[in-house]
1. May I ask for the angle, rounded to the nearest 10°, between helix 50-63 and the longest principal axis of the chain, with both axes built from Cα atoms and the value confined to 0 to 90°?
2. Given charges of +1 on the Cβ of Lys and Arg and -1 on the Cβ of Asp and Glu, with all other atoms neutral, how large is the dipole of the chain about its Cα centre, in debye to the nearest 20?
3. Any idea what the dipole of the range 242-295 comes to, in debye rounded to 20, about its Cα centre with Lys/Arg Cβ at +1 and Asp/Glu Cβ at -1?
4. Charges only on Cβ, +1 for Lys and Arg, -1 for Asp and Glu: so what's the dipole of the range 294-358 about the Cα centre, in debye to the nearest 20?
5. Taking +1 at the Cβ of each Lys and Arg and -1 at the Cβ of each Asp and Glu, which of ILE277, GLY12, GLY231 sits farthest along the dipole of the chain towards its positive end, judged by Cα position relative to the Cα centre?
6. Could you sort SER312, SER322 by accessible area so the largest value comes first, with the probe set to 1.4 Å?
7. If you take volume of the Cα convex hull per residue in Å³ from the coordinates, which of (1) 150; (2) 173; (3) 133 do you get?
8. What residue among VAL103, TRP113, CYS323 has its Cα farthest toward the positive end of the dipole of the chain, where the charges are +1 on Lys, Arg and -1 on Asp, Glu, each on the Cβ?
Amino acid sequence: MSASSTALLLSGGVDSSVALHLLVEKGIRPDLFYIRIGADEEGFEGCSWEDDEVIVRWLARKYGLRLELVSLHQEYWDYVVRYMIDTVRGGRTPHPDMLCNRVIKFGYFNEYWGKDYDHIATGHYADKVIEGGLHYLATAADKAKDQTDFLAQITYPQLQKALFPLGRLPKSEVREIAEREGLVTAHRRDSQGICFLGKVNYNDFLKKYLGTRPGDIIELETGKKLGTHEGFWFHTIGQRKGLGLSGGPWFVVKKETDTNTLFVSQGYDPEEQYGDIVEMSEMNFITRSPFPEGATELKVTFKVRHTPEFGSGTLVRKSDGSCTLYAEELIQGIAPGQFCSLYDEESRICYGSGVISGGGRQA
């Protein structure tokens, strides 16, 4: 591997800085890149990258490596933030980090700056295995930190170039390495995802772009009006906090976008928030279709949100290419618009993901 065959995306956090140290320790001297996203003129006020830039410059000096600060402001706005706003406006729940990895980190970055590199390395907690000459996205050793569910929309060419130095390390060891090597990121807090969510109130952001529209909060079982909300786009299926209702807890179990109505159920574990059928469209199988030739059913494990736990179920492929997942146990808060990430039965290989279009209960 030549000295310049690897590009490393630095974020200013502990994970990517330890990924850098591990590469250098193996004799790989990557070129470093910091991606700026979130332009103030597009409504990202408070999304400051100054602290990150100080850190990535420090890391470049420490290891004597070339650093380039690159901008993907417009692409991030056009493809990630617009997707988020449009998804919320349609009454669904977005997953912007999933799109950011596919479109920004492994997409436009590769197109503009990374195409001449053999590998693009990141600080994700994920792994990769090669079997039969094919690359497969694999789960990290630290299941509590595993981020394959954030990567389950990437393409096969993107996976081929991806490098995940942290894939076989627990988070505790990553912190220990940072401390031992005197990295300035050793005690820095973990990233909270897309830039402005860590800096700007999420509801304030939605209010700026979608406004407010008062609507009713209705108890699903009785039809009784319990209160009002400022717009269905501020709420998601399975939400408990932020409803402003007394006598709770209350969970959002249904949204009616045409009437701007929220339906809620009371209790710590209301039955109405659970389902065991997940309908999926827009399937993305990263390496290849996991279904054996001629088969339409497959035993899988899965995640419908970022969590250390995997569910188990049967994936059924339909003639139009969409899929239905029949879970073995009930799932809380199946939210249309989110992604269902799919894995083999051992929860080792990530097959890819599908966009959740709906949910239900088996008879």
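1. With both axes taken from Cα atoms, the answer is about 30 degrees.
2. For the chain, the charge dipole is close to 420 debye.
3. Working: 3 positive and 9 negative charges, 38 e Å.
Charge dipole, the range 242-295, about its Cα centre: 180 debye, nearest 20.
4. The dipole of the range 294-358 has a size of about 200 debye.
5. Projecting each Cα onto the dipole axis, the largest value belongs to GLY12.
6. Values: SER312 50, SER322 20 Å².
Of SER312, SER322, the descending order of accessible area is SER312, SER322.
7. Among (1) 150; (2) 173; (3) 133, the one calculated here is (1).
8. The listed residue farthest towards the positive side: TRP113.
The values are calculated or read from the model by the stated rules, or taken from the named source; none is laboratory data. If you're wondering where the values come from, they're calculated on a predicted model, not measured in any experiment. Glycine also receives a Cβ, built like all others from the backbone with ideal geometry; neighbour counts cover every protein chain displayed. Just so you know, the surface numbers come from the protein's heavy atoms only, side chains and all, with ligands and any DNA or RNA stripped out. Shrake-Rupley method; radii C 1.70, N 1.55, O 1.52, S 1.80 Å.
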